[in-house]
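Read-outs: derived from the displayed coordinates by stated rules, not from any lab. Since the model is a prediction, treat every value here as computed from it, not as a measurement. Using ideal geometry, Cβ is built from the backbone for each residue, glycine included, and neighbour counts are taken over all protein chains shown.
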């Protein structure tokens, strides 16, 4: 299935209360174009799921939202991405505070080779968010509580984070992200390496975090997208094909490509 010429996204790509606004975003790796003119709003305190076949551009687009693609030398971004109305690709924008405001949780849990406590305390220390040990203790405890991990680790905070189970490590990484008080959390297939029980805990956590954060999640699991998100965006070969309320995408998709993907005809 080839790229659709002059494609216009189907459905409701824009929303009333956007936290992030992408406009005509294109991504190039050298000569190869990976994302084609994507325009999308991500609403405040919503969970939006980005779905589509492998290689469709959903993770590449997600990494545009906190300039993670800056770390790839041959990658070029065109268009605008606005966070609260400010273009994050403006040359004046410092990526360090940006990535504190727009945190990221990766596919594979990646705790630092430090204690559980120091994993969570790392960000607040480097960003100067704690003025005393008491402040730091409070941030660590609150972050671990929000990540649903406090009761499991409170008696071993100085044990290595790498000694936790896979699901616990991923919740530790979420706690580490929360600790710098972000506004947006990006999740790139956060449950792909986890068993069903650990996955259920992360999904429950995502639902709770939505009260305080805007969340964009890339997932290969359509069941997960249906469970955790309010809106779903379907990508195909670097193009944004359809964005609609999640229940609509999975019951009455507007585009034939979306329907073909969710019914398993390709992908």
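Only DSSP H runs of four or more residues enter the estimate; each adds -39500 (n - 2.57), and after division by the residues of the chain the mean residue ellipticity at 222 nm equals -9500 deg cm²/dmol.
Ordering of 94-107, 186-199 by packing is 186-199, 94-107, highest average first (other Cβ atoms within 10 Å, averaged per residue). Across the chain, the relative contact order, built from alpha-carbon pairs under 8 Å that are at least six residues apart, equals 29 percent. When 135, 90 are sorted by how many other C-beta atoms sit within 10 angstrom of their C-beta, beginning with the fewest, the order is 90, 135. The DSSP beta bridges internal to region 10-262 are antiparallel in roughly 55% of cases.
Between residue 86 and residue 251, the simple spin-label model (points 7 angstrom out along Cα→Cβ) gives 4.1 nm. Say each of residue 12 and residue 152 gets a label point 7 Å from the Cα, pointing the same way as Cα to Cβ; how far apart are those two points in nm? If labels sit at residue 12 and residue 152, their model points lie 3.5 nm apart.
Remark: relative contact order (region 1-102) = 30 percent; criterion is Cα-Cα distance under 8 angstrom and separation of 6 or more residues. Taking other C-beta atoms within 10 angstrom as a stand-in for reagent exposure, 213, 29, 117 fall in the order 29, 117, 213, fewest first. Applying 1/(1 + (r/R0)^6) with R0 = 45 Å to the Cβ-Cβ distance of residue 159 and residue 33 gives a FRET efficiency near 0.45.
Footprinting exposure proxy ranking of 143, 221, fewest other C-beta atoms within 10 angstrom first, gives 221, 143. Could you tell me the distance between the Cα centroids of region 156-184 and region 40-55, to the nearest Å? Cα centroid of region 156-184 versus Cα centroid of region 40-55: 23 Å apart.
Can you grab the distance from the C-alpha centre of region 94-111 to the C-alpha centre of region 200-267, Å, no decimals? Spelled out, the Cα-based centre of one part sits 22 Å from the other.
Averaging 1/r across all pairs of distinct Cα atoms in region 10-262 and inverting the result yields a Kirkwood radius of 18.6 Å.
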